[in-house]
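Participant: Questions regarding the structure given below will be posed in turn.
The values are calculated or read from the model by the stated rules, or taken from the named source; none is laboratory data. All of these numbers come straight from a predicted model, not from anything done at the bench. When we count neighbours, we look across all protein chains shown, and the Cβ atoms used for this are built from the backbone with ideal geometry, even at glycine.
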Amino acid sequence: MNVGTSPFNSSSVVVSWSPPQTPQGVITSYIIYKYQPPSSLTAVRAAEVPGSQRQGVVTELTPYTEYKFTVKACNSFACSGHSPEALARTLPAGMLNKIIYFLLWLQ
């Protein structure tokens with residue numbers, strides 16, 4: 001699985017991925033894990049989405065903080081190993097409003 005990230009706001013990151021090349025059965029869900037700090041070896045379960053989705057939003061993060069994310073694909077029997085890692089930094093607090101105002105100004 002290839003994993004990508006994109007900051008959504010000061011406390012959320014969107015994590016997206018491609019499905020496994022050789023799934024072991026029907027994928028029923030994906031589990032997103034976060035690591036903070038990114039050098040941490042401890043994975044914390046951050047979100048779970050249905051197997052039909054290819055992205056999820058991890059919330060309740062700290063503003064302007066870097067995180068590492070991995071994803072596991074799960075079927076009715078077990079989950080895969082962790083995907084390759086992807087890094088993301090949340091936006092600074094108050095940054096979302098500035099982006100919205102800028103986009104409105106562009107219209």
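Participant: Output the number of residues of the stretch 4-15 satisfying the condition of being within 15 Å of GLU85 (Cα to Cα) and crowded, with 18+ Cβ neighbours inside 10 Å.
Facilitator: Matching residues across the stretch 4-15 total 3.
Participant: Also: Looking for whichever is surrounded by 12 or more Cβ atoms within 10 Å (Cβ to Cβ) and within 11 Å of the chain's Cα centre (by Cα) here; the options are TYR64, TYR30. Which one fits?
Facilitator: TYR30
Participant: While we're here: Restricting the search to the stretch 70-97, which residues are in a strand (DSSP E or B) and touching a residue at least 60 places away in the same chain (Cβ under 8 Å)? It would help to see each step written out before you state the result.
Facilitator: Applying the first criterion (in a strand (DSSP E or B)) to the stretch 70-97 yields 70-74, 79, 86-89.
Correct list: THR70, VAL71, ALA73, ALA86, LEU87, ALA88, ARG89.
Participant: Starting from residues that are touching a residue at least 60 places away in the same chain (Cβ under 8 Å) and part of a strand (DSSP E or B), keep the ones in the stretch 14-28 and report whichever is farthest from THR90 (Cα to Cα).
Facilitator: Top of the filtered list is TRP17.
Participant: At pLDDT below 95, assigned to a loop (DSSP other than H, G, I, E, B) and on the phi < 0 side of the Ramachandran plot: does that describe SER40?
Facilitator: Answer is yes for this residue.
Participant: Report, by residue number, each residue of the stretch 49-69 that is part of a strand (DSSP E or B) and under 20 Å from VAL26 (Cα atoms).
Facilitator: VAL49, PRO50, GLN55, GLY56
Participant: Please identify the pairs in which a residue from the stretch 29-52 that is farther than 17 Å from ALA88 by Cβ and touching a residue at least 12 places away in the same chain (Cβ under 8 Å) has its Cβ atom under 7 Å from the Cβ atom of a residue that is among the polar types (S, T, N, Q) and surrounded by fewer than 16 Cβ atoms within 10 Å (Cβ to Cβ), counting only partners at least 6 apart or on another chain.
Facilitator: The qualifying pairs are GLY51/THR28.
Participant: I'm told SER11 meets every condition in (1) modelled with pLDDT under 95; (2) within 13 Å of the chain's Cα centre (by Cα); (3) over 25 Å from PRO92 (Cβ atoms) except one. Can you identify the failing condition by its number?
Facilitator: Among (1) modelled with pLDDT under 95; (2) within 13 Å of the chain's Cα centre (by Cα); (3) over 25 Å from PRO92 (Cβ atoms), the lone unmet condition for SER11 is (3).
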